[in-house]
Amino acid sequence: MSTAKRSAGLLLYRITRTDGGERDAEVLIGHMGGPFWANQETAAWSVPKGEYEPDEEPAAAARREFQEELGLPVPEGPWVPLGEARQSSGKIVTVWALEAELNPALAVPGTFTMEWPRGSGAQQEFPEMDRFAWCTPDEATERLVAGQRVFVERLRAHVRDGGAPSEA
């Protein structure tokens, strides 16, 4: 039995067109909250996702984490499986994509509490994700943590191929 931590997430997308008229997509990603990420942009964004235990289905975890991190219900629609990727930490991340419109200004992110500054004994609350933005695939590739960039590439290939989504 694997001891690797597992995470599941949901990547919203909307169809766009390139300057040449080719189908493409923008994706909705979130900037990681808390003091460690406050002054970083490159490789400081993530697909809305979170860890789950072996007894929870990955799709259920993706739905739960989306709701926790954005404070909004998951939009209706079929899910596109984007597969798994192993992060540099060893964590295995599973992601689905969902074509939907969502206004990032409506998000009410969930929070976490940690000691800050370290060693101070003071507990502070921070948003799990402090802001969300629609990004082109190129913007997302620059902003996302390295291990999640593959999901944008897989989604882009799916959109350009005109692939059909599946239910989740």
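The values are calculated or read from the model by the stated rules, or taken from the named source; none is laboratory data. Just so we're clear, the structure is a prediction, and the values are computed from it rather than from any experiment. No Cβ is skipped: glycine too gets one built from the backbone with ideal geometry, and neighbour counts run over all protein chains shown. Quick note on the areas: whole protein, heavy atoms, side chains included, nothing else; ligands and nucleic acids left out. Shrake-Rupley method; radii C 1.70, N 1.55, O 1.52, S 1.80 Å.
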What list of whole percents do you get for P(r) of the stretch 1-54, with Cα-Cα distances grouped in 10 Å bins up to the one holding the largest distance? 19, 32, 31, 15, 3
Sorted by accessible area with a 1.4 angstrom probe, largest first, how do Lys5, Lys91 fall? Lys5, Lys91
In degrees, nearest 10, range 0 to 90: what is the angle between the Cα axis of helix 149-161 and the longest Cα principal axis of the chain? 20 degrees
Angle check, please: helix 58-70 long axis (alpha carbons) against the longest principal axis of the chain (alpha carbons), in degrees 0 to 90, nearest 10. 70 degrees
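Quote the relative contact order of the chain in percent (integer), defining contacts as alpha-carbon pairs under 8 Å separated by 6+ residues.
Details: 347 pairs, mean separation 53.4, N = 168.
It rounds to 32 percent for the chain.
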What value in Å³ per residue do you get for the convex hull of the alpha-carbon atoms in the stretch 57-96? 77 Å³
Using a probe of 1.4 angstrom, how much of the accessible area of the chain is carbon and sulfur, in percent? 49 percent
On average, how much accessible surface per residue is there in the chain, in Å², for a 1.4 Å probe, leaving out ligands, DNA and RNA? 52 Å²
Provide the gained length on full extension for the span Glu76 to Ala44, in nm with one decimal, where the gain is 0.36 nm per separating residue minus the Cα-Cα distance. 8.7 nm
Between (i) 18.6, 59; (ii) 16.1, 56; (iii) 21.0, 83, which entry matches Rg and Dmax of the Cα atoms in Å as derived from the coordinates of this structure? (ii)
Which order do peptides 74-83, 52-61 fall in by mean Cβ count within 10 Å, highest first? 74-83, 52-61
Within-13-Å neighbourhood charge of Glu139 [Cβ basis; K, R +1; D, E -1]: -2
Could you order His158, His31 so the one with the most accessible surface comes first? Probe is 1.4 Å. His158, His31
List the residues, sorted by chain then number, that are 5 or more residues from Gly33 or on another chain and whose placed amide H is less than 5 Å from its amide H. Met129, Asp130
Label-point separation in nm, Lys5 to Ala105, each point 7 Å along Cα→Cβ: 3.5 nm
Based on the alpha-carbon gyration tensor of the stretch 33-132 and its eigenvalue square roots a ≥ b ≥ c, which shape applies: rounded if a/c is under 1.5, prolate if not and a/b is larger than b/c, or oblate? prolate
Obtain the nm distance between the two label points defined at Ile15 and Arg131 by a simple spin-label model: each point lies 7 Å from its Cα along the Cα-to-C-beta direction. 3.0 nm
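Nearest-5 percent of antiparallel DSSP beta bridges in the chain? Spell out each step's value before the answer.
Details: 30 of 39 bridges.
Of all bridge pairs located within the chain, approximately 75 percent are antiparallel.
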